[in-house]
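Visitor: The structure is given below, and queries will be raised subsequently.
The values are calculated or read from the model by the stated rules, or taken from the named source; none is laboratory data. All values reported here derive from a predicted model rather than from experimental measurement. Here the Cβ positions follow ideal geometry from the backbone for every residue, glycine too, while neighbour counts run over all protein chains shown. Accessible surface is based on the protein model in full, side chains and every heavy atom, while ligands, DNA and RNA are left aside. Shrake-Rupley method; radii C 1.70, N 1.55, O 1.52, S 1.80 Å.
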Amino acid sequence: MKVNILGAAGEIGRSAIQLTTSNSNILMDYGISFSKNEPKFPIPLSSKGLDAILLTHAHLDHSGGIPIFYVSTKPRLITTKITVEISELLIKDLIKLSSYYLPYESLELTNMVKSTKPVNINDQFRLKDLSIQLLNAGHIPGSSMFLIEGDGKKILYTGDFNVINTRMLQGAQIDLPRLDAIIIEGTYATIDHEDRTKVERDFVSSVNEIVSNGGTVVIPAFSVGRAQEILCVLHQYNVKGKIYIDGMAKDASSIFLNNPDFFRDYSLLLEAHKRAIWVNSWSERRKACKEPGIIIAPAGMLKGGNVRFYVKKTAKDQKNAIFLVSYQVEDTPGAMLMKNGVYNFGGKNEKVNARVKWFDFSSHCGNKELLHTIKMADAKKVILVHGEKNKLEKFKRILQDEKITEDIIIPEVGEEISI
Ligand SMILES: [Zn+2]
Ligand SMILES: [Zn+2]
C-alpha cells in the first residue's frame, strides 16, 4: 500500500491524499487553501483510473477542489449524506463569490453531487481489494475518518477530528484496532484547549452580563457548525434575551435540521433553532441592533458576510460586545480586532469601544487528545499532516520523547510513502 501526499503537507489547507494498492486507486479529500485571496490546489491528479473519491468532511480545505474531477469524468464520490449537502452549499458560495479563476463551474459541481454514493458512519464496505469503514470524527456534522484495509495493511486517515463531546456532536471514535499507519491532522498539535465546560460557562456569563446591561452581543461565527454550536450552548444554558441568526448560517442550519442522525442531541438542536429569530431582511437587521440581544452571523473572521453590518452598528458603544468564537487567521479583520482593538470602518481603522473577547470553541483535537489518539492506535507509522511545519516538528519531538514510535513522518508535498 502506498500513500501519496498531494497537499496539506506542513500547512493547513488543500488536504489531498492518494492511496494505491495492487488493485485500487482512491483519492481522499481534495481541498483548497487561500493565499492572497486566490485558491491554491493540491498537486494535480489524473481522474483516469481513479476508483473513487472519499471525502472526510465539507470544509473547503478538504472539498473545494473535488469538482475538478467532474470536468470530463464522473468518479464515484463516497461520503456521508450531510457532507455532500454542506459541500454543495459551500462550493456554490465559492463559485458565486470568486473574483478569480476557478478550474470548474456549477455544472461540474452538479455532476459531483449526482455521483455521490452516501455512506453512513460506521458502515463498512468493500471497494475492489479495499475494506473501508467510516468512523465518526466529531469535527463538524457528518465528518468522518477512514479506516482502510488493503494489501494486508490497516491505516487510518483522520481528516479533521475532535475527540471531546460538544453540545452538537459526539466526540470522535478512537477505540481503534492496531494500525500499520495513522495519517493524522496536527492543527493544534502543540497547544492544549481549555476545558470545554469552563469555556461554555465563561462565554455564557459574559453574554448574560452584556445583555442584562442593555447591550448587544455580536458573535461572528463560521456558517457551518460553529454558528449552530453557539446557538445550542446559549439554549442549553437558558440565556435570556433574543437570539438572532443571519447569513449563510441559516442555509447550513436548514441542512442540519433535515439530517437528525448526525447529531448527539437533535432535540437540543431543534429547540435552539426554534427559539432563534432567523433574520431575512435589512429592516430586521437594523431592528436586531436596536435592542439588547445576541446576534450570530458569519463570517467567523469578519472577512465578509452580514456580520460586518452588525459590527459597524454596535462597535462604537461600550455597552455592546463582539465575542469571537473561531480561530482568527493572522491579518484577517478578526485578528486585527483581537490584537489591536480596531476595525476597518469604510477604509479607515477605528477604535472599537465594545468589549472584545475570544473563546476557545475549537472543533479540533489539542495536543493531549492527539497524543491519546496515537497511543490508542498503537500505530507503527505516524504521518503528520494539516499543521504548520514548525508545530508538527515540535509535536514529533514530543512523540519521540514519549517513545510511541520511531517512525514519524512530516511529509513534503508530493511525497510518496510506503506502508
Ligand atoms: Zn475541517
Ligand atoms: Zn481542515
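Visitor: Which pairs, out of Lys36/Lys290; Lys128/Lys375; Lys290/Lys351; Lys114/Lys303; Lys348/Lys389, put more than 26 Å between their alpha-carbon atoms?
Guide: Details: Lys36/Lys290 36 Å; Lys128/Lys375 30 Å; Lys290/Lys351 21 Å; Lys114/Lys303 31 Å; Lys348/Lys389 35 Å.
Checking Cα-Cα distances, Lys36/Lys290; Lys128/Lys375; Lys114/Lys303; Lys348/Lys389 exceed 26 Å.
Visitor: So what is the relative contact order of the chain, in percent, for Cα pairs below 8 Å that sit 6 or more residues apart? Kindly include the intermediate steps, with their values, before the conclusion.
Guide: On the way: 960 pairs, mean separation 78.8, N = 419.
RCO, the chain: 19 percent.
Visitor: How large, in percent, is the carbon and sulfur part of the accessible surface of the chain at a probe radius of 1.4 Å?
Guide: 47
Visitor: State, as an integer percentage, the relative contact order of the stretch 275-419 based on alpha-carbon contacts under 8 Å between residues 6 or more apart.
Guide: With pairs under 8 Å counted, the relative contact order is 16 percent.
Visitor: Can you pull the Kirkwood radius for the stretch 308-419, inverse mean 1/r over Cα pairs, to one decimal in Å?
Guide: About 17.4 Å for the stretch 308-419.
Visitor: Related question: For the stretch 196-358, give me the percentage of DSSP beta bridges that are antiparallel, rounded to the nearest 5 percent.
Guide: Values: 4 of 21 bridges.
Percentage antiparallel, nearest 5: 20.
Visitor: Please tell me the relative contact order of the stretch 196-358 in percent, rounded to the nearest whole number, where contacts are Cα pairs under 8 Å and at least six residues apart.
Guide: Details: 290 pairs, mean separation 47.7, N = 163.
Over the stretch 196-358, the number comes to 29 percent.
Visitor: Right, here's the next one. Give the peptides 80-93, 134-147 in descending order of average Cβ contacts within 10 Å, highest first. Spell out each step's value before the answer.
Guide: On the way: 80-93: 21.9, 134-147: 26.6.
Answer by packing, highest mean first, reads 134-147, 80-93.
Visitor: When the Cα centres of the stretch 58-106 and the stretch 360-419 are compared, how far apart do they sit, in Å?
Guide: 28
Visitor: Right, something else. Using the Cβ atoms and a cut-off under 14 Å, what net charge is assigned to the surroundings of Ile43, where Lys and Arg are +1 and Asp and Glu are -1?
Guide: -3
Visitor: Counting helices only, and only those DSSP H runs with n ≥ 4, report the 222 nm mean residue ellipticity of the chain as the sum of -39,500 (n - 2.57) divided by its residues, in deg cm²/dmol to the nearest 500.
Guide: Value at 222 nm, helices only: -9000 deg cm²/dmol.
Visitor: For every other residue with a beta carbon closer than 12 angstrom to the beta carbon of Ala288, add +1 if it is Lys or Arg and -1 if Asp or Glu, then tell me the sum.
Guide: That sum, taken over residues with Cβ under 12 Å, equals +3.
Visitor: Please give the peptides 194-203, 358-367 ranked by average Cβ packing (other Cβ atoms within 10 Å per residue), highest first, as a rough proxy for protection.
Guide: 358-367, 194-203
Visitor: Please compute the per residue accessible area over the chain with all protein chains in place, 1.4 Å probe, rounded to a whole number of Å².
Guide: Computed with neighbouring chains in place, this is 41 Å² per residue.
Visitor: Now a separate question. May I ask which of Lys81/Lys316; Lys117/Lys287; Lys96/Lys312; Lys117/Lys154 have a Cα-Cα span longer than 32 Å here? If you can, show how the numbers build up before the last one.
Guide: Values: Lys81/Lys316 43 Å; Lys117/Lys287 44 Å; Lys96/Lys312 25 Å; Lys117/Lys154 23 Å.
From Lys81/Lys316; Lys117/Lys287; Lys96/Lys312; Lys117/Lys154, over 32 Å: Lys81/Lys316; Lys117/Lys287.
Visitor: What order, most packed first, do the peptides 263-272, 225-234 have when packing is the mean number of other Cβ atoms within 10 Å of each residue?
Guide: 225-234, 263-272
Visitor: Classify the chain: rounded, prolate or oblate, from the alpha-carbon gyration tensor (a ≥ b ≥ c, eigenvalue square roots; a/c under 1.5 rounded; otherwise prolate if a/b is larger than b/c)?
Guide: Note, shape of the chain comes out prolate.
Visitor: Something else now. Which shape class applies to the stretch 77-217: rounded if a/c is under 1.5, otherwise prolate when a/b exceeds b/c and oblate if not, where a ≥ b ≥ c are the square roots of the Cα gyration tensor eigenvalues?
Guide: Oblate, since a/c reaches 1.5 and b/c is not below a/b.
Visitor: Considering only DSSP beta bridges with both partners in the chain, what is the antiparallel share in %, to the nearest 5?
Guide: Here the share of antiparallel DSSP bridges comes out near 50 percent.
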